[in-house]
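Here is the structure we will look at.
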Amino acid sequence: MGSLFDRLREAIEAGISVNIITLVETPADETEYLGQIMLVFPDGDTEGTIVDADVTAAIINIVATKEWSRPVLLEVPGRGYRIFWNRSEKKRRAVIAGGGHISLPLSEILALADFSVTVIDDRLEFAHKARFPKADQVICDSFARALGAVEINSDTAVIIMTRGHRYDTECLRAVLDRPARYIGMIGSRRRIRALIEQFAAEGVKADRLASLYAPIGLDLGSQTPGEIAVSIAAEVVAAFRGGDCRSLSRRVGEKHG
Amino acid sequence: MDETLVKLIAAALERGAKLALATIIETKGSTPRKAGTAMVVWPDGRVAGTIGGGCSEAEVKLRALQALDDGRPARVEVRMLNDAAAEEGMVCGGIMQVFVQVIKTG
């Protein structure tokens, strides 16, 4: 299985999501096949086989025709096999522009929630590893240059909260047309409205501006830097997990615990 | 499967190590983690990742060590609704199916 996991690792590093198929049920006289793994790449390429050419082809057909929603147990039509269809997930990343007093707790909370955190500031005293011990990367450079250099993909959240309006605008300009899962920016409603009008006048597409989370965070009534960081981190998690941000006690249906 | 576990498994296979991968493949009712969550168990008993912690995880870990010993995959049904679970405070009330497979080179 060495080459299979090597290819899986390469794909994850390249940002490609791979279908991982595991054979988890067989007829009683074919248990030697149990645990076989096969990869199906988005371009249709495969690695590994399950049982034989027929079953492998049937599985490729399932992956090609069924819509993926979440990891699921499925029957392969015909001979009594069941497979578990999973996908590889790239580690989620959060890029925080600005190394100020809210970034401190935010970098720690997001790291606790399994995000790989990058902090950017253009002042050395605000952008060093000792200030952000839980961040994987701390970059001291101009915001536009640093944001231009970091990878931003559909597994990335970008949080803009620099020390000033001018720098926030610079950051937003650098990331607005990048494929981030979440782009949030701190600021008052009035200031953000003015900024959005300015960007719209410059010809930035309306859907990009509408997808912006600004003012940033959930309405928790937050006052302190730590509380504001919680409200931002909660909004980021919800954007990745599809949460509706209401108290579970206010929802009808199943509860945890 | 998340990036951390994939990298850990790939690195282990490069060293020629053997390990067990335990994956939640189905859940019914309320369970702490959902299908697709996995953990790795090493022959010496070390664990990486979590499928929910507590007694259920300990049970799966034991079955994983057994799978490493006899070289065969296993299916574990973890019930979180019986008396024993309630006594231990595992009050989620769900059932999860865990598939344990042995991962090695070759």
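What follows is calculated from the coordinates using simple rules that are stated; it is not laboratory data. Quick caveat: nothing in here was measured; it's all calculated off a predicted structure. Quick reminder, even Gly has a Cβ in these numbers, built from the backbone with ideal geometry, and neighbours come from all protein chains shown.
One compactness figure for the protein assembly as shown is 1.12, namely its Cα radius of gyration divided by 2.2 N^0.38 Å.
Counting only residues at least eight positions apart within a chain, or on another chain, the aspartates and glutamates with an alpha carbon under 16 Å from that of residue B:18 are A:6, B:44, B:69, B:70. Modelled label positions at residue A:208 and residue B:72, each set 7 Å beyond Cα in the direction of Cβ, lie 5.9 nm from each other.
Please tell me which of these pairs span more than 32 angstrom C-alpha to C-alpha: B:7/B:61; B:7/B:28; A:134/B:28; A:91/B:61; A:129/A:205? A:134/B:28; A:129/A:205, as the Cα separations exceed 32 Å there.
Using the Cβ-Cβ distance between residue A:188 and residue A:17 with R0 set to 45 Å, the FRET efficiency works out to roughly 0.75. Using just its DSSP H runs of length 4 or more, each adding -39500 (n - 2.57), chain A gives a mean residue ellipticity at 222 nm of -10500 deg cm²/dmol after division by all residues. For chain A, modelled as a GNM whose springs connect Cα atoms under 10 angstrom apart, the maximal fluctuation among A:156, A:118, A:26 occurs at A:26. Taking springs between alpha-carbon atoms closer than 10 angstrom, which of A:57, A:157, A:11 fluctuates most in the Gaussian network model of chain A? Among A:57, A:157, A:11, the largest GNM mean-square fluctuation belongs to A:57.
Each Lys and Arg adds +1 at its Cβ and each Asp and Glu adds -1 at its Cβ; summed about the Cα centre, the stretch A:147-257 shows a dipole of about 280 debye. The stretch A:58-75 and the stretch B:1-26 have Cα centres spaced 22 Å apart.
Here the Debye sum runs over all C-alpha atoms of the stretch A:2-87 as equal scatterers in vacuum, and log10 of I(q)/I(0) at q = 0.17 Å⁻¹ comes out as -0.66.
In this label model, residue B:14 and residue A:154 are separated by 2.8 nm, measuring between points 7 Å along each Cα→Cβ vector. Take the Cα of residue B:65, step 7 Å toward its Cβ, do the same at residue A:130, and the gap between the two points is 4.4 nm. Computed extension length for residue A:173-residue A:73: 31.7 nm, one decimal, from 0.36 nm per residue of separation with the Cα-Cα distance subtracted. For the residues A:89, A:170, A:67, a GNM of chain A with alpha-carbon springs under 10 Å puts the largest fluctuation on A:67.
Taking a straight Cα-Cα cut-off under 21 Å and skipping sequence neighbours fewer than 8 places away in the same chain, the lysines within cross-link reach of residue A:66 are B:34.
Using the rule -39500 (n - 2.57) for each DSSP H run of four or more residues, divided by the residues of chain B, the 222 nm mean residue ellipticity is -10000 deg cm²/dmol.
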